[in-house]
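In what follows, a structure is listed as structure tokens, so that the remarks can point back to it.
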């Protein structure tokens, strides 16, 4: 049986990441070898289909991964070669700017992002939205054990002013561990929101070594972790 989802938390240097299934559910570990002999290496937020297998730790692992979309590249009409070279440059620039503005593409990342407040979180949860880059603030209500499946993540739960709770999964293979984190602490964050029935998950709270994803961060105790 084949499933559908998006590649998230992809670490190209280490050759692995995760797939977030469509419709929610636990993320699935995926290794570069699961993509077969393809020349196009995965990047964050790409749609894929995949099959499931059990790894040595009896956890789910994606296999036979296939892209469902062709990675877009910019193309422009050939008629610009007949224009004066200076005019051609201006035309291409205007077309590129219009393409970016029409699709809401951020020049600093591979996809479009939303920045907002607690209302944005509530709307995202109510509408089951994912892949939203959001800045927010919350109070630590629970500290969980580290997730050691694949890249390591420091995990804790924040309660927002609206009462909504979100799980923060902070990659400590790519960013420093948040030191001295305690119940009741206030944490400010900037990362990517993924919907789940419990309120959602915030990840990508770190820099991207491959410069393919908008970098995130966490502020705690006067220190920035990224």
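Table for the structure above
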quantity	calculated
In the stretch 181-198, the residues that are surrounded by 18 or more Cβ atoms within 10 Å (Cβ to Cβ) and touching a strand residue (DSSP E or B) at 6+ places or on another chain (Cβ under 6 Å)	187, 189, 190, 191, 192, 193, 194
Residue 84 vs. criteria out of contact with any strand residue (DSSP E or B) (no Cβ under 9 Å at 6 or more places or on another chain), exposed (fewer than 11 other Cβ atoms within 10 Å of the Cβ), at pLDDT below 90 and assigned by TED's automatic domain parsing to the domain that holds residue 192	no
Subset of the stretch 21-40 that is at pLDDT 80 or above and closer than 16 Å to residue 212 by Cβ - its residue that is surrounded by the fewest Cβ atoms within 10 Å (Cβ to Cβ)	32
Exclusive hit being in a strand (DSSP E or B) and surrounded by 13 or more Cβ atoms within 10 Å (Cβ to Cβ), set 14, 61	61
Failed condition for residue 49, given (1) touching a residue at least 60 places away in the same chain (Cβ under 8 Å); (2) closer than 28 Å to residue 128 by Cβ; (3) more than 14 Å from the chain's Cα centre (by Cα)	(1)
The lone exception for residue 178 - which of (1) at pLDDT below 95; (2) buried (at least 20 other Cβ atoms within 10 Å of the Cβ) it fails	(1)
Check on residue 143, closer than 24 Å to residue 10 by Cα, surrounded by fewer than 21 Cβ atoms within 10 Å (Cβ to Cβ) and modelled with pLDDT of 95 or more	no
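A quick yes/no check of all residues on (1) modelled with pLDDT under 90; (2) under 16 Å from residue 27 (Cβ atoms):
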site	(1), (2)
167	no, yes
171	no, yes
190	no, no
208	yes, no
216	no, no
220	no, no
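The values are calculated or read from the model by the stated rules, or taken from the named source; none is laboratory data. Since the model is a prediction, treat every value here as computed from it, not as a measurement. Backbone-built Cβ (ideal geometry, glycine too); neighbour counts: all protein chains shown.
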